[in-house]
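To keep things clear, I will list the structure first and then write my remarks on it.
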Amino acid sequence: MWEVFIKYKLYPTYVFELVAILAGFYYYYINWKISKADRLFIFTMLFVFIFSGLSLAYGIYTYVYGYKYIEFLKGTPFEKHYWISNIKVVIMYSGYTLYFAWNLRSIFWRKTMYAGIVLFIVASVIIFFLSDIFFNGFSNFCGFTGTFLLCFAAALCFIELMASKRILYFRNELVFYIAFGTLLFYLSQTPLSLLQKYVLGNDYFREIYAIILGVLNFIMYGIFTVGFIFKTHQLKKNNKRS
């Protein structure tokens, strides 16, 4: 099982993500009174990491060992790993979008994003119930709608920050790093994912796509990590002064 994990180089993204999570929890450890938005982001990252790992491990296990020791799942709707990934995607996009909504100063846009999150969750659940995609594949609706919702919320935060005096102290604004990293990743990855289905049988494209995706993950989680490090450093300086 681990040979497959290493052979297909499935580990780099998880390493980058884990580093960002550890940096986030260290920031939380330094100051237990961080904002609820920052706590939400850190725990959403942890949730995504755990559920991504579960989905991957389940898929590799059934590929390598069949259904050894878990024969009771074979022939049931839960025999594939898609249901884990679909749960992860809905909660991931909702959690990250809510993080940006909580950072918005505009009440109108905050309420708009709240409504968008609720509609996204309700629509996703309806689609899962009306089709077999929940157990048998990845939902394109959840992926693309969630991406749009998240990027829109991140862009609102970024624009709001750029239009205020807070931009003068952007190094101390965690939301700046999160919004920048999020927009950079999703605005670069989404066009490639749209192309992927048209060249699915092209091994060269798949290899290039995997490399680009790995680089984008490294950049995004690297930006998150830098943001947590700056915030931690700022908190330590403030603690020394007090």
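Structure notes:
- Any hit, the stretch 145-152, residues being under 21 Å from Leu54 (Cβ atoms) and out of contact with any Gly (no Cβ under 9 Å at 6 or more places or on another chain): yes
- Lone qualifier among Tyr114, Tyr96 - being among the hydroxyl-bearing types (Ser, Thr, Tyr), surrounded by fewer than 19 Cβ atoms within 10 Å (Cβ to Cβ) and closer than 18 Å to Val175 by Cβ: Tyr114
- Enumerated helices (runs of 4 or more DSSP H) restricted to the stretch 93-167, each holding at least 3 residues that are at pLDDT 95 or above: 107-130, 140-162
- Within the stretch 145-169, if we keep just the residues that are surrounded by 15 or more Cβ atoms within 10 Å (Cβ to Cβ) and more than 20 Å from the chain's Cα centre (by Cα), the residue that is farthest from Ile34 (Cα to Cα) turns out to be Glu160.
- Residue under evaluation Ser188, criteria (1) free of Cβ contacts under 8 Å to residues at least 40 places away in the same chain; (2) within 21 Å of the chain's Cα centre (by Cα); (3) under 30 Å from Leu235 (Cα atoms), criterion not met: (3)
Table: residues versus (1) surrounded by fewer than 16 Cβ atoms within 10 Å (Cβ to Cβ); (2) in a loop (DSSP other than H, G, I, E, B).
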{"residue": "Ser52", "(1), (2)": "no, no"}
{"residue": "Ser55", "(1), (2)": "no, no"}
{"residue": "Val64", "(1), (2)": "yes, no"}
{"residue": "Gly75", "(1), (2)": "yes, yes"}
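- Beta carbons closer than 6 Å, at least 6 apart along the sequence or on distinct chains, never pair a first residue in the stretch 193-216 that is within 17 Å of Phe144 (Cβ to Cβ) and acidic (Asp, Glu) with a second that is in a helix (DSSP H, G or I) and at pLDDT 80 or above.
The values are calculated or read from the model by the stated rules, or taken from the named source; none is laboratory data. From a predicted model like this one, the values you see are computed outputs, not experimental measurements. Quick reminder, even Gly has a Cβ in these numbers, built from the backbone with ideal geometry, and neighbours come from all protein chains shown.
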